[in-house]
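Right, one structure below, let's go through it.
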Amino acid sequence: MRLSKLFGKTQREIPAEAETTSHQLLLRAGMIAQVAAGVYSYLPLAWRVLKKIENIIREEMDAAGGQELMMPVLQPLELWQETGRDQAFGKGLFKLCDRRDRNLCLGPTHEEVITKLVSQYVQSYRDLPLRLYQIQTKFRDEPRPRAGLLRVREFTMKDLYSFDTDEEGLSRSYNRMLEAYQNIYARCGLPTLLVEADSGAIGGKDSHEFMLVTETGEDEVIYCPECRYSANAEKAQSIKGEAHDKKPLPLEEVKTPGAATIEEVSGFLKIAPEDTLKAVFYAADNELIFVVIRGDLEVNEIKLKNALKCYQLRLATEAEVSGAGIVAGAASPVGLSNIKVVADDSVTLGANFVAGANKPETHLKNVNYPRDFTAAIVTDIAKAHAGESCPRCGGKLLSAHGIEVGHIFKLGTFLSQKLGAYFTDPDGVSRPIIMGCYGIGLGRLLAAAIEQNHDDKGIIWPAPIAPYQLHLCPLFFDNPEVAAATEKLYNELTEAGWEVLLDDRIESPGVKFNDADLLGIPVRITISPRTLEKDSVELKRRTEKKAEVVTLADLEVRLKELMAGESLKTAVD
RNA sequence: CGGGGUGUAGCGCAGUCGGCUAGCGCGCAGCGUUCGGGACGCUGAGGUCGGAGGUUCAAGUCCUCUCACCCCGACCA
């Protein structure tokens, strides 16, 4: 490809709208153009990268027993109502009406369609297992699209769905996909971290995310360097400290004038925060929920939402709290009857806590679970933090930021039951198909690759997904000798199967070198009167500062060595 | 949805108290001189000042409404 003909131009200045590095570089390199918030056009360079990523994914899916198919973006809303997931997606679902006022939506994902489809074709255990996938545009009306391609409303996603007869089968599919995903990232030259993830209110048991670790990722990962435990902060657990071994003492009321927060109460009574109970109020699908957690901990709202199995969760308003007869600042689970109480399991790990008395400026001492109060749900709903102890081995937990570039789930039978996807087992018994689903966002992976691989000059593409392999950079292209040698070399390299971007512009060396750095193609070949005197060219890897001089005769051999090194390097990481 | 911000040429920006033909840099076109890490000179093209309404002799500038985009938060299988 000739740079002079390539659609899309590099820009020297950083577009004002972009703050994230990958967003800035994608715009400056002329790879994407914004059409609306979270909606982009992909120019030829970006499209080539996407196609490379897509091909790697396709090969790995096929190798893992996947069969590719295609399903529609346009889907009847009814289908989503059947599973109730129109509620789960809420406003995230793009809805529209056809000319006959039928309700449709733009598919945010395709579990419903594929489950229905599979239900039509699968009757027997002999038809299973099945692994079907598609690479398709999906739509989600994100509350806040941001950071260029990292969070968009229209995006290309590979989704594979597995269908098995039993849990072992599901585990086989799941593990095979996990392996395939690791192959994909390795082949793309993008080292990822495998973390345990939240599967949401409707998801099944296991779920893992693949995180590309970057400084600016919007997800937080909690991990243990000792035993390699790692989990999304949404899901991460930690050891909540030793139970204070005290015998329950009788309840006692104390005046706590002017003390409302945990800090004030524990300061006033000269006790540690972990000897208090904190009360937090939420509205779960508009029902008031009283949440109790040990004073030193914080509520993880994702865990709480999962425990409650609700669609919407928000902090309750002051009016809702006082309307229920609760005294803010001295709220108490003791003696409550008409409000649902959810307790973090930390309340069972101690004794003689200080809690509110539900009277102004009054607290209770020696509150004990379950003697003095009970909860409808007692489970882990606390946030884990770096610095706390690992739930597996007790080591010190650390945290890192990452970008979620893949997510796999064991779904179970929720969807197959709702949509009637059953099979007959060898005993003639009808059973729901056990499902899993496995997704990768292609555009996000592209952007994440840049977040992870760049310098102050521009992008540094991992070789396997670079838009071109070679950047042929003639200096003084208006010099007839240079032009002739360049054209000859360009033809030879192209015919030999190399993907070459030729900077055929008559520009100063500085401009050409800077654009080459910005575009980030792995190997730059400089050709000029100076190199031609020695029948040679200059090779420079994007990752290196220095160039090497290679004779034209040795060029192909040397290029092969270099590229082998590039892919080797990225596969090992 | 709450808070903050920005809309002036393809991109980045300036535009005073409301006042004459709306500027600057980059980029773009032409010519010339240069050129191994974003060169220089000359010439030139390019604008519904986000949109609508209003105030005024006069609006990029003031007022009202509205739209879009960005950032923080809420939200986000």
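FYI, it's all coordinate maths here, none of it is from the lab. Everything quoted here is computed from the prediction, not taken from an experiment. Cβ sites come from the backbone with ideal geometry, for glycine too, and all protein chains shown count toward neighbours.
Using a simple spin-label model with points 7 Å from Cα along the Cα→Cβ vector, what separation in nm is obtained for A:Glu215 and A:Leu193?
Result for the modelled spin labels: 1.6 nm.
Would you mind estimating how fast chain A diffuses translationally, via Stokes-Einstein at 25 °C and 0.890 mPa s with the Kirkwood radius over Cα pairs, in µm²/s?
Values: Rh = 27.4 Å.
So the translational diffusion coefficient is about 89 µm²/s.
Holding the Cα-Cα limit at 19 Å, pick out from A:Lys138/A:Lys309; A:Lys51/A:Lys410; A:Lys91/A:Lys138 the pairs that are longer than that.
Pairs exceeding 19 Å: A:Lys138/A:Lys309; A:Lys51/A:Lys410.
Take the eigenvalues of the Cα gyration tensor for the range A:468-572, scale each by 5, and report the square roots as semi-axes in whole Å, largest first.
Ellipsoid half-lengths, sorted descending, are 21, 16, 12 Å.
Find, among the trypsin sites (Lys or Arg not before Pro) in the range A:297-391, those assigned to loop by DSSP (not H, G, I, E, B) with at most 14 other beta-carbon atoms within 10 angstrom. Can you show the working numbers first?
On the way: sites: A:Lys303, A:Lys305, A:Lys309, A:Arg314, A:Lys340, A:Lys365, A:Arg371, A:Lys383; in loops: A:Lys309, A:Arg371, A:Lys383.
Passing both the DSSP loop test and the Cβ count: A:Lys309, A:Arg371.
In sequence order, what are the phi-derived ³J(HN,Hα) couplings for the range A:141-153 according to the Karplus relation 6.51 cos²θ - 1.76 cosθ + 1.60 with θ = phi - 60°, rounded to whole Hz, with x for glycine and proline?
Whole-Hz 3J(HN,Hα) from phi for the range A:141-153: 7, 4, x, 8, x, 6, 6, x, 7, 6, 9, 10, 9.
Among DSSP beta bridges lying fully in the range A:431-573, give the percent that are antiparallel, nearest 5. Mind dumping the intermediate values first?
Details: 10 of 18 bridges.
Antiparallel bridges make up about 55 percent of those DSSP assigns within the range A:431-573.
Consider a paramagnetic label point 7 Å from the Cα of A:Thr348 along Cα→Cβ; state which residues of the range A:272-301 have an amide N under 16 Å from it.
A:292-294
So what's the gap between the Cα centers of the range A:70-96 and the range A:267-283, to the nearest angstrom?
43
For A:Gly520, enumerate residues with amide H under 5 Å from its amide H, sequence gap 5+ or separate chain, H modeled in the peptide plane.
So A:Gly520 has HN proximity to A:Ile459.
Looking at the range A:40-149, which trypsin sites (Lys or Arg not before Pro) are in a loop (DSSP not H, G, I, E or B) and have at most 15 other Cβ atoms within 10 Å? If you can, show how the numbers build up before the last one.
Working: sites: A:Arg48, A:Lys51, A:Lys52, A:Arg58, A:Arg85, A:Lys91, A:Lys95, A:Arg99, A:Arg100, A:Arg102, A:Lys116, A:Arg126, A:Arg131, A:Lys138, A:Arg140, A:Arg146; in loops: A:Arg99, A:Arg100, A:Arg102, A:Arg140.
Passing sites in the range A:40-149 are A:Arg99, A:Arg100, A:Arg102.
Quick one: in the range A:252-379, what % of C-alpha pairs are over 26 Å apart? Don't jump to the answer; show the numbers that get you there.
Numbers: 1125 of 8128 pairs.
Value for the range A:252-379 (Cα pairs over 26 Å): 14 percent.
Using θ = phi - 60° and the Karplus curve 6.51 cos²θ - 1.76 cosθ + 1.60, what whole-Hz ³J(HN,Hα) does each residue of the range A:56-69 get, with Gly and Pro shown as x?
These are the phi-based 3J(HN,Hα) values: 4, 4, 4, 4, 6, 5, 5, 5, 8, x, x, 10, 7, 9 Hz.
Can you give the convex hull volume of the alpha carbon atoms of the range A:4-70 per residue, in Å³?
Details: hull volume 8.6 nm³, N = 67.
Dividing the Cα hull volume of the range A:4-70 by its residues yields 128 Å³.
Which net charge results when you count Lys and Arg as +1 and Asp and Glu as -1 among the other residues whose beta-carbon is under 11 Å from that of A:Glu287? Intermediate values should be presented prior to the final figure.
Working: positive: A:Lys340; negative: A:Asp285, A:Glu320.
That sum, taken over residues with Cβ under 11 Å, equals -1.
So which cysteines of chain A have no other cysteine's Cβ under 4.7 Å from theirs?
A:Cys97, A:Cys105, A:Cys188, A:Cys310, A:Cys437, A:Cys473
Among DSSP beta bridges lying fully in chain A, give the percent that are antiparallel, nearest 5.
Working: 89 of 110 bridges.
Antiparallel bridges: around 80 percent, rounded to the nearest 5.
Between A:Lys95 and A:Glu252, what length in nm is gained on full extension when 0.36 nm per residue of separation is reduced by their alpha carbon distance?
Gain on extension, A:Lys95 to A:Glu252, equals 50.9 nm.
Determine the sum of side-chain charges near A:Glu54: Lys and Arg each +1, Asp and Glu each -1, restricted to other residues whose C-beta is under 14 angstrom from that of A:Glu54. Show your work: numbers first, answer last.
Details: positive: A:Arg48, A:Lys51, A:Lys52, A:Arg58, A:Lys158, A:Arg187, A:Arg444; negative: A:Glu59, A:Glu60, A:Asp62, A:Glu68, A:Asp159.
Residues near A:Glu54 contribute +2 overall.
Kindly provide the helix-only [θ] at 222 nm of chain A, computed as the sum of -39,500 (n - 2.57) over DSSP H runs of four or more divided by all residues, to the nearest 500 deg cm²/dmol?
Numbers: 15 runs with 161 residues, N = 573.
Result for chain A, helices only: -8500 deg cm²/dmol.
Take every DSSP beta bridge with both residues inside the range A:252-379 and express the antiparallel ones as a percent of the total, to the nearest 5. Provide the component values of the computation, followed by the final result.
Working: 19 of 27 bridges.
Around 70 percent antiparallel, to the nearest 5.
If we count every other residue with Cβ under 12 angstrom of A:Glu82's Cβ, Lys/Arg +1 and Asp/Glu -1, where does the sum land?
Details: positive: A:Arg85, A:Lys116, A:Lys418; negative: A:Glu78, A:Asp86, A:Glu111, A:Glu112.
So the surrounding residues net to -1.
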